[in-house]
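The structure under discussion appears below in the form of C-alpha cells.
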Ligand SMILES: [Zn+2]
C-alpha cells in the first residue's frame, strides 16, 4: 500500500494512486473501498462472482446470500444496494440468519472479508439444507471451508485488480508505467533542486520550498 511504502520513504506520496482526487492515504482497507468509478465497477463484478455465483454454486441458502450481498455492499461503500427480498422460507431459518447477521455485526464485516466469519452461519446453512435437501452429496460437506475460500477471494481479486490498474497486465505495460514513474520522480527531484538553488541565490534558505505531498498526482494526471 502507498501509505505504508510512503512511511518507508519508498514512494513520494501516501495517497491512493487510483482515486487521486480524494487524497486518501492508501491503506489495506482503502484498497477494498476505493471510490474511483473503475474500482467500484471492479468491486461489484468481484462481489457478484464471489458471492452470487461461487457461493451460490455451493448451495448456500438464498437468505444467507442476500444478507451477505446487502451487508458487503454497505461495508464496501458500493452503490445499487440489493433490494429487500421476501423469501418463502421457514421462519426458523430466517431467525437463524438474523442471529448470524447480528453476531457478524459484532465481529465486523471488515473481519468477514478477511475470513473472520461467525460460526452461526454454519447453523443457519445446516437448517437450510435440512429444509431443502440437496441431491448433490457434495453439498453440505465442507460448506464453511468452501464459502470462506470464496469470500477471501474478494480481497485477493481487489488487490490483483489494483495492481493491474497501476502497473499494467503485461510485462510491456509494466515497463512502460515504470519508465513513466521514473521520469516523474526525476522531474520532482529536478524541480526541488531548482527551488533550492533559487533560494540559495536570493539568500532565502529559510524559505526552501518543500515539494507538496500531492505533487506526484499533479504530474501523473
Ligand atoms: Zn482510492
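The values are calculated or read from the model by the stated rules, or taken from the named source; none is laboratory data. No experiment lies behind these values; they were computed from the predicted model shown. Using ideal geometry, Cβ is built from the backbone for each residue, glycine included, and neighbour counts are taken over all protein chains shown.
Of note:
- Which numbered condition residue 153 fails, given (1) part of a loop (DSSP other than H, G, I, E, B); (2) under 18 Å from residue 53 (Cβ atoms): (1)
- Only one entry in 79, 62, 91 is over 17 Å from residue 153 (Cβ atoms) and within 16 Å of the ligand (Cβ to nearest atom), namely 79.
- Looking across 160, 130, one residue alone is more than 19 Å from residue 34 (Cβ to Cβ) and surrounded by 12 or more Cβ atoms within 10 Å (Cβ to Cβ). It is 130.
- Conditions (1) outside the structural domain of residue 108 (by TED's automatic domain parsing); (2) part of a helix (DSSP H, G or I); number of the one not met by residue 23: (2)
- Filtered by the rule that a residue be within 15 Å of the ligand (Cβ to nearest atom) and exposed (fewer than 13 other Cβ atoms within 10 Å of the Cβ), the range 39-59 gives a lone residue, 41.
- Residue in the range 27-38 that is within 16 Å of the ligand (Cβ to nearest atom), farther than 15 Å from residue 128 by Cα, without any contact (Cβ under 8 Å) to a residue 40 or more places away in the chain and in contact with a helix residue (DSSP H, G or I) (Cβ under 6 Å, 6 or more places away or on another chain) present: yes
- Residue in the range 16-26 that is in contact (Cβ under 8 Å) with a residue 24 or more places away in the chain and more than 11 Å from the ligand (Cβ to nearest atom) present: no
- Residues of the range 110-126 that are crowded, with 19+ Cβ neighbours inside 10 Å and without any contact (Cβ under 8 Å) to a residue 60 or more places away in the chain: 112, 117, 118, 121.
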